[in-house]
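Shown next, in structure tokens, is the structure this report addresses.
The values are calculated or read from the model by the stated rules, or taken from the named source; none is laboratory data. All values reported here derive from a predicted model rather than from experimental measurement. Quick reminder, even Gly has a Cβ in these numbers, built from the backbone with ideal geometry, and neighbours come from all protein chains shown. Note: accessible area is taken over every heavy atom of the protein model, side chains too, but ligands, DNA and RNA are not part of it. Shrake-Rupley method; radii C 1.70, N 1.55, O 1.52, S 1.80 Å.
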Amino acid sequence: MRESSNPVMRGVVRDNEKSASPYAGFGQMVPGAQSVILDSAGQPQYAPATPGRALTIDDVVTKTGITLAVLAAFAVAAYAAISAEIVPAFLLWGVGMIGGLGLILYATFKRKQDNPKIVLAYAAFEGLFVGAFSHLLANMDIAGGPGDGGANAGMLIGQAVLATFGVFFGMLVVYKTGAIRVTPRFTRMLVAGIIGVVVLMLGNLVISLFTGEVGMLRDGGPIAIIFSLVCIGLAAFSFLVDFDQADRLIHAGAPSKAAWGIALGLTVTLVWLYTEILRLLWYFQGD
């Protein structure tokens, strides 16, 4: 089975290999698995290998909705607290970023992606990060940004939110219609692109630490705009692989708790997409 470019989603699939028989021995039966049934397309369908209710699309939608609701609530609270000068923006930004990153690493390496407490805690930390990041970018004059706050800040953030969910649902339509097929080659190219972007980000960060500047990848110039467009494209195409992984888990009869892991993986990609879209819009307003 092809692996997702999203490390969280990849871990969810691996952790459910023993409970979803299509991923155990490439269709060979495992202890506790039920009989193989062919669907109308001739593809094998398997009953869950472990006791409990099997994963459904409703589980994925519900858990993802809950996760995003928690993230949004903490983001709004963080933005309001910063606007009221109750808490410094950089403090919430740092707490949210470090806390979210720490939980992702813990969930990935300890295989706790389907733990609802970890998923919701991650959503809370990411909410703090998103709220603080949005406030900093929309209200402060950083590297030539607009920095005028008020209605323009709200409009900038609203545009970024609408664009993020527009891309999300657009890629869902693309996946459902089969306009772009998720193949092993497609996945390998996507993973290579993401690795390249991460390397460039780390290099830009190191340069900025030594020079005190934001670096050419984040200074709002032509290269920064192109880089953000590339990141947005990679995040958008990552949804296709994530949808494919979720679809396969559902058809494989994975346990319902896997919905939390899918929600976590989708949230990670959504946050990345939102921050890049907001940054791109900020560049254009700063011109």
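Things worth noting here:
- Hits in the range 86-129 (condition: touching a residue at least 12 places away in the same chain (Cβ under 8 Å) and not in a helix (DSSP H, G or I)): Arg111, Gln113, Asp114, Asn115
- Residue list for the range 161-219, filter: part of a helix (DSSP H, G or I), small (Gly, Ala, Ser) and under 16 Å from Phe237 (Cα atoms): Ala163, Gly166, Gly170, Ala192, Gly193, Gly196
- Once the range 85-112 is narrowed to residues that are under 17 Å from Trp272 (Cβ atoms) and either modelled with pLDDT under 90 or of a type in the set (Phe, Trp, Tyr) (or both), the residue that is least open to solvent (accessible area, probe 1.4 Å) is Thr108.
- Residues satisfying the stated conditions in the range 184-205, i.e. under 20 Å from the mean Cα position of the chain (by Cα) and either in contact (Cβ under 8 Å) with a residue 60 or more places away in the chain or open to solvent by less than 50 Å² (accessible area, probe 1.4 Å) (or both): Phe186, Thr187, Leu190, Val191, Gly193, Ile194, Gly196, Val197
- Only one of the listed residues (Ile194, Ile207) is modelled with pLDDT of 90 or more and not aromatic (Phe, Trp, Tyr). That residue is Ile194.
- Complete set of residues in the range 206-228 that are closer than 19 Å to Gln285 by Cα, loosely packed, with under 13 Cβ neighbours inside 10 Å and hydrophobic (A, V, I, L, M, F, W, C): Ile226
- For Met171, the conditions (1) surrounded by 12 or more Cβ atoms within 10 Å (Cβ to Cβ); (2) of a type outside the set (S, T, N, Q); (3) farther than 23 Å from Leu270 by Cα all hold with the exception of (3).
- Pairs are defined by a Cβ separation below 9 Å, a sequence spacing of at least 6 or placement on different chains, a first member in the range 234-257 that is of a type in the set (Asp, Glu), and a second member that is not in a helix (DSSP H, G or I); the pairs so defined are Asp242/Ser4; Asp242/Ser5; Asp242/Asn6; Asp244/Arg2; Asp244/Ser4; Asp244/Val182.
- Any hit, the range 234-249, residues being open to solvent by less than 10 Å² (accessible area, probe 1.4 Å) and in contact with a Gly (Cβ under 6 Å, 6 or more places away or on another chain): yes
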